[in-house]
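Visitor: Questions regarding the structure given below will be posed in turn.
The values are calculated or read from the model by the stated rules, or taken from the named source; none is laboratory data. Since the structure is predicted, the reported quantities are computational estimates derived from the model, not experimental observations. With ideal geometry, Cβ positions are generated from the backbone for all residues, glycine too; neighbour counts draw on all protein chains shown.
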Amino acid sequence: MIAVEQHLARILETVRPVRSFDLGVLDAQGCVLAADVQAKVQLPGFTNSAMDGYAVHAADVAGASEESPVVLPVVNDIAAGNTNALSLVMGQTMRIMTGAPMPRGADAVVPVEQTDGGVVHVSVHGSPEPGQHVRAAGEDVREGQTILRSGTLLGPGQIALLAAAGVARVRVVPRPRVVVLSTGDELVEPGREPGFGQIVDSNSVMLTAAVRSVGATPYRVGGVPDDARQLMETIESQLVRADVIITTGGVSMGAFDTVKQVLSRVGTMQFDKVAMRPGMPQGFGVLGEERVPVFTLPGNPVSALVSFHVFVAPALRAMAGRPENAWPPGYVPAVAAESWQSVPGKMEFTRVVFDGDRVRLAGGQGSHMLGALAAADALAVVPPEVTEVAEGDRVDCLPLLGAEAP
């Protein structure tokens, strides 16, 4: 039996980031940059007004106040989107809207609130300094400036910057493509009523959703029968479109655990008992010329989802260019609101519900209990040497994908 940390370390030493390529900026959302990006244009592209008001020569309104306003003729209106180059002579003003280009010669904007709002003549009782309420061309970003570094995760803000800076395509580490296979003669498709001895294939649906939640691209393959030849043919056919393959079921010690029987013959695959509960039977290795990582997860649904959080999710993030600490992962500290027992010698992943900074058990803890799993917010991680969690003890919690931590 091996430790959780040992199995995860072997996985993270094996996986590599997916080969980078160019994508359009919108398609690149959620991906990580594989190269630095330089601005093709300056931002702002032209000097413009930061306020609705009046473009002025600051010297014309120096000393203006409520008691001693300055009156100027309004000679033009400048709307946002104006494309005509205008010039402002001393002793005049132009009404200007936020974002509109400043006329040549003007060096400040008087906010409309510091005037009487006149359209022919305006009474100004504010005295801005030169440059006040003006956005200078290039003050945010210079043309040719590196605006985003390799390794940056592209969210809405980064996408906006790229688009504004004239960048249409970027080189990124793409989202890993993940094929999800479930195995078992007893499986039927969701939506079909199972007969006696049959169960709905919820595992592949669950793991497909988990893959999507971690930012990868899933491809679900329906239940594969417990037939060695058909299983191997299915896996081999999926290698052409997979950066990762996940199977669920068939990895324990049973007579019909086909996944283990078939893949044990492949020298690049390794099957272990991992000192954890739930999720003890685990397999991992690589297949094909491209050395595609293959995770073989247990068939019990809770075991499969716990295994995904602990082993698969960190690997997918690393392959997407978002590596994280191997151990411990992103824990959230909490306090146990009740006591519970833990099995000695194994790291226990207990399903819990947050109540502020406290956690309580999320119903039954059996590895088949989907109702309790759906109610859980997180996995309370109990170290192997701890046999009892007492009320008031600190516990480290791994938030479940899609759940909100406090």
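Visitor: If you take the residues of the range 317-333 that are touching a Lys or Arg at 6+ places or on another chain (Cβ under 9 Å) and under 27 Å from R212 (Cβ atoms), which of them is surrounded by the fewest Cβ atoms within 10 Å (Cβ to Cβ)?
Guide: For the range 317-333, the residue satisfying everything is E324.
Visitor: Taking into account only those residues within the range 382-397 that are aliphatic (A, V, I, L, M) and surrounded by fewer than 20 Cβ atoms within 10 Å (Cβ to Cβ), which is nearest to V343 (Cα to Cα)?
Guide: Here the residue is V386.
Visitor: I need the full set of residues from the range 115-167 which are loosely packed, with under 13 Cβ neighbours inside 10 Å, touching a Lys or Arg at 6+ places or on another chain (Cβ under 9 Å) and over 30 Å from A59 (Cβ atoms), in order please.
Guide: Hit for the range 115-167 is G144, nothing else.
Visitor: Would you confirm, using the coordinates I've provided, whether G215 is of a type outside the set (K, R), modelled with pLDDT of 85 or more and closer than 22 Å to A9 by Cβ?
Guide: Answer is no for this residue.
Visitor: Another question, then. Can you find, within the range 6-43, the residue that is nearest to F311 (Cα to Cα) among those that are of a type in the set (A, V, I, L, M) and loosely packed, with under 15 Cβ neighbours inside 10 Å?
Guide: A9
Visitor: Only residues that are polar (S, T, N, Q) and crowded, with 24+ Cβ neighbours inside 10 Å: list them for the range 278-300, please.
Guide: Q282, T296
Visitor: Looking at the range 80-103 only, could you name the residues that are surrounded by 14 or more Cβ atoms within 10 Å (Cβ to Cβ) and in contact with a Leu (Cβ under 9 Å, 6 or more places away or on another chain)?
Guide: Q92, T93, M94, P101, M102, P103
Visitor: Is at least one residue of the range 30-44 assigned to a strand (DSSP E or B) and over 22 Å from I159 (Cα atoms)?
Guide: no
Visitor: Right, here's the next one. Restricting attention to the range 202-227, and to residues there that are small (G, A, S) and on the phi < 0 side of the Ramachandran plot, which single residue is surrounded by the most Cβ atoms within 10 Å (Cβ to Cβ)?
Guide: S204
Visitor: May I pose another question? How many of the residues making up the range 155-167 are closer than 12 Å to V41 by Cα and either in a strand (DSSP E or B) or small (G, A, S) (or both)?
Guide: Adding up the residues that qualify gives 4.
Visitor: Follow-up. Is it the case that D22 is in a loop (DSSP other than H, G, I, E, B) and within 30 Å of P323 (Cβ to Cβ)?
Guide: no
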